[in-house]
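A short worksheet on the structure shown next.
What follows draws every value from the coordinates through simple rules; no lab data is involved. Just so it is clear, the model here is predicted, and its values are computed rather than measured. Note that we place each Cβ from the backbone using ideal geometry, even for glycine, and neighbour counts take in every protein chain shown.
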């Protein structure tokens, strides 16, 4: 199982501090982008610069992912967006594939697997949120973990990422996932290397 520390920042200074803090902790980071429309919080909506030390995935919690992807998509290996606010999901998938990037959809706790069933053959990943999105430290929800098996039954090739409330206790519940994202436990830790080691040992 891969563990991606997550990164959410309001400005470049904050972002640089996170890059410094997570250097040597992981090789891949999970970039959270929020637009204050789809989710009532705003982050990474500035002209950011990325550190060359890492590979990056991005989770777009935004109303209009296309405009962000056209500006910044080339910088990321995997682009994940939410189907809920998007009128033409297939078009966004197609734009990401034309950039030769991996593509994923993200499911809020209340969004069902059946609602994205028709897109699953085209996806590389599905990100399953086990918290209500947009803020670190939200309450962990066990119920969405059932979606891992539901997704694999429809398309066994799709990889699953669990995002939200990961700790040494909850990561054991997510053991069937291909990867997890950790914000509060790793990225916000005083000692991220120790926190990452604890998560790895737990799973």
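Please report how far the C-alpha centroid of the range 91-109 lies from that of the range 115-188, rounded to the nearest whole angstrom. Cα centres, the range 91-109 to the range 115-188: 16 Å.
Over the chain, with a Gaussian network built from C-alpha contacts below 10 Å, which listed residue (83, 65, 168) shows the highest mean-square fluctuation? Residue with maximal mean-square fluctuation among 83, 65, 168: 168.
For the range 87-203, the normalised intensity computed at q = 0.15, 0.17, 0.23 Å⁻¹ comes to -0.69, -0.86, -1.26 (log10 of I(q)/I(0), Debye sum over alpha carbons, equal scatterers, no solvent).
So if R0 is 30 Å, what FRET efficiency would residue 50 and residue 132 give, r being the distance between their Cβ atoms, rounded to the nearest 0.05? Efficiency, rounded to the nearest 0.05: 0.65.
Here the extension length gained between residue 201 and residue 77 equals 42.0 nm, from 0.36 nm per residue of separation less the Cα-Cα distance. Of the peptides 54-61, 155-162, 11-18, 91-98, the ranking by mean beta-carbon count within 10 Å, highest at the top, reads 54-61, 155-162, 91-98, 11-18.
For each of 130, 111, 170, count neighbouring Cβ atoms within 10 Å of the residue's Cβ, then give the residues from fewest to most. Let's see the in-between values first.
Working: 130 25, 111 18, 170 21.
The order, fewest Cβ neighbours first, is 111, 170, 130.
Model label points for residue 142 and residue 27, set 7 angstrom from Cα along the Cα-to-Cβ axis, are 3.5 nm apart. Ordering 82, 132 from the fewest to the most neighbouring beta carbons within 10 Å gives 132, 82.
Computed over the alpha-carbon atoms, the chain gives an Rg to Rh ratio of 0.93, Rh here being the Kirkwood radius from the mean inverse distance.
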